[in-house]
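Beneath this line is the structure, given in structure tokens, with notes to follow.
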Amino acid sequence: MGERASVLVIVPAWNEQDSLPGVLEDIARCMPEADVLVVNDGSTDRTAAVARGSGTAMLLDLPLNLGVGGAMRAGYRFALRGGYARAVQVDADGQHDPGDIPRLLALLDDGADVAIGARFAGEGDYRARWPRRWAMTLLSGALSRISGTRLTDTTSGFRAVGRRGLEVFAAEYPAEYLGDTVEALVIAARAGLTIRQVGVAMRERAAGSASHSPVQAAIFLGRATLALLIALSRPMRSRAREGVAA
Amino acid sequence: MTGYWFAVGCSVALVLFLVFLLRTRRLREKYAFIWIAVAVVICVIGAFPDLVVTLARVAGVQTPANLLFAASLLVLLLVCIQLSVEVSTLEEETRTLAEEIALLRLDVERAQLRAADDDGATGPAATDGP
């Protein structure tokens, strides 16, 4: 399996039994040559059974709920050991359009190590309410400076990484709140990886709902700022650095 | 019974309890050390209360009892921080183990599938290498 398919699509899923079948179908249709790995993040519903029954996806079944960061590091480790050249993260809630995956992979072909599918880069009509939007703008500004490229959507989970990115993220991918998005970018930038973004349209969540009250937005801003400051002040682990040098 | 002997009795009981926990391996040495140190200090202070008065004068604290309170708060704070650090370490270890278990489970499942394929199909269909 691993020889032919050099792209692994990683789908972290936590209690997404309703939206997962549609997402897997879309991925199989848009990326027939890629292998698909569903990482079941300790779901209490039938997510694992749905993934097993899909026939197109492999299932990495975590015994505990580790959060997106934990699920993704497990996925990256699988990709690294399986010898995949590239890995794409697609969320199981259906808001990422697998049809955009080739555009992310094209960025990798152009020399990027990490490609982000960004919501606010002109495509689509995704809008966040102002307190959250403000927080996201602040994060984008800071991370754009750190990574040396213009980033508009740093909390997007729609990402592709090449081999160098895989090596860094398999060694170190934070499981903390916002660690999988914001801090992961800081780690990538400090490890010398090239980060690029491409505008994508985000779809409505296929099932479930995201919460956006002003109080939650304020909490989000506080935690995001804290996560960013800590990520920046953290000494780099040597493993991540060696991963790039190797 | 005077307060003096009550204090000494409590301290000795604390030390014995910690030694008991250590002996039954319910407390690891790296956590027990700070508690044993605290218990020994309490024993010494219980036996020689004048020590605190002297210490308070040296430290510039007017009421000796306040020196004790401040010191005990500091010790508790340090213990809490140590425990937070240990819990974080444990969480990271749990996370790594959970990831490894999931990866191994997938490996086993795929190996079983391959073995079943090899048993069921004979001929060229079964030679679908990794």
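Going by the structure shown, is residue A:152 of a type in the set (S, T, N, Q) and surrounded by 18 or more Cβ atoms within 10 Å (Cβ to Cβ)? So residue A:152 passes the test.
The set of residues in the stretch A:50-69 being more than 10 Å from chain B (Cβ to nearest Cβ) and under 23 Å from residue B:112 (Cα atoms) consists of A:50, A:51, A:53, A:54, A:55, A:56, A:57. Has the stretch B:42-60 got any residue that is of a type in the set (Phe, Trp, Tyr) and assigned to a loop (DSSP other than H, G, I, E, B)? Yes, that holds for at least one residue. Examine the stretch B:42-65 for a residue that is closer than 30 Å to residue A:67 by Cβ and β-branched (Val, Ile, Thr), and state whether such a residue exists. Scanning the stretch B:42-65 turns up no residue that is closer than 30 Å to residue A:67 by Cβ and β-branched (Val, Ile, Thr). With respect to residue A:43, is the statement that it is buried (at least 19 other Cβ atoms within 10 Å of the Cβ) and either modelled with pLDDT of 90 or more or on the phi < 0 side of the Ramachandran plot (or both) true? Answer is yes for this residue.
Can we say residue B:106 is closer than 30 Å to residue A:12 by Cβ, in a helix (DSSP H, G or I) and at pLDDT 85 or above? Judged against the criteria, residue B:106 is a match. Among residues belonging to the stretch A:36-49 that are more than 15 Å from residue A:91 (Cβ to Cβ) and assigned to a helix (DSSP H, G or I), point out the one that is nearest to the other protein chains (Cβ to nearest Cβ). Checked the stretch A:36-49; the qualifying residue nearest to the other protein chains (Cβ to nearest Cβ) is A:48. For residue A:85, are the conditions met, namely being at pLDDT 90 or above, within 30 Å of residue B:100 (Cα to Cα) and either within 13 Å of the chain's Cα centre (by Cα) or not small (Gly, Ala, Ser) (or both)? Taking the combined requirement at face value, the residue does not satisfy it. Only one entry in B:8, B:12, B:40, B:52 is touching a Leu at 6+ places or on another chain (Cβ under 8 Å), more than 14 Å from chain A (Cβ to nearest Cβ) and surrounded by 11 or more Cβ atoms within 10 Å (Cβ to Cβ), namely B:52.
I'd like to know if the stretch B:16-30 contains one or more residues that are at negative phi, in a helix (DSSP H, G or I) and modelled with pLDDT under 80. For the stretch B:16-30, residues at negative phi, in a helix (DSSP H, G or I) and modelled with pLDDT under 80: present. Checking the stretch A:178-192 against the condition returns a match, with at least one residue being modelled with pLDDT under 90, among the acidic types (Asp, Glu) and surrounded by 19 or more Cβ atoms within 10 Å (Cβ to Cβ). Just wondering, is there one or more residues in the stretch A:94-116 that are within 14 Å of chain B (Cβ to nearest Cβ) and either in a loop (DSSP other than H, G, I, E, B) or in contact (Cβ under 8 Å) with a residue 24 or more places away in the chain (or both)? Checked the stretch A:94-116: no residue is within 14 Å of chain B (Cβ to nearest Cβ) and either in a loop (DSSP other than H, G, I, E, B) or in contact (Cβ under 8 Å) with a residue 24 or more places away in the chain (or both). Does the stretch A:146-173 hold any residues that are in a helix (DSSP H, G or I) and modelled with pLDDT under 90, and which are they? Selection gives A:146, A:147. Listed by first and then second residue, the pairs linking a residue in the stretch A:70-89 that is at the interface with chain B (Cβ under 9 Å from one of its Cβ atoms) to a residue that is of a type in the set (Asp, Glu) and part of a helix (DSSP H, G or I), with Cβ atoms under 8 Å apart and 6 or more places separating them unless they lie on different chains, are A:70/B:99; A:73/B:99; A:74/B:99; A:77/B:99.
Of the residues that make up the stretch B:90-102, is at least one more than 15 Å from residue A:62 (Cα to Cα), surrounded by 10 or more Cβ atoms within 10 Å (Cβ to Cβ), under 35 Å from the mean Cα position of the chain (by Cα) and more than 10 Å from every other protein chain (Cβ to nearest Cβ)? Yes, some residue in the stretch B:90-102 is more than 15 Å from residue A:62 (Cα to Cα), surrounded by 10 or more Cβ atoms within 10 Å (Cβ to Cβ), under 35 Å from the mean Cα position of the chain (by Cα) and more than 10 Å from every other protein chain (Cβ to nearest Cβ).
The values are calculated or read from the model by the stated rules, or taken from the named source; none is laboratory data. Note that the structure is a prediction, hence the values are computed from the model and not measured. FYI the Cβ positions are ideal-geometry reconstructions off the backbone, even for glycines, and counts take in every protein chain you see.
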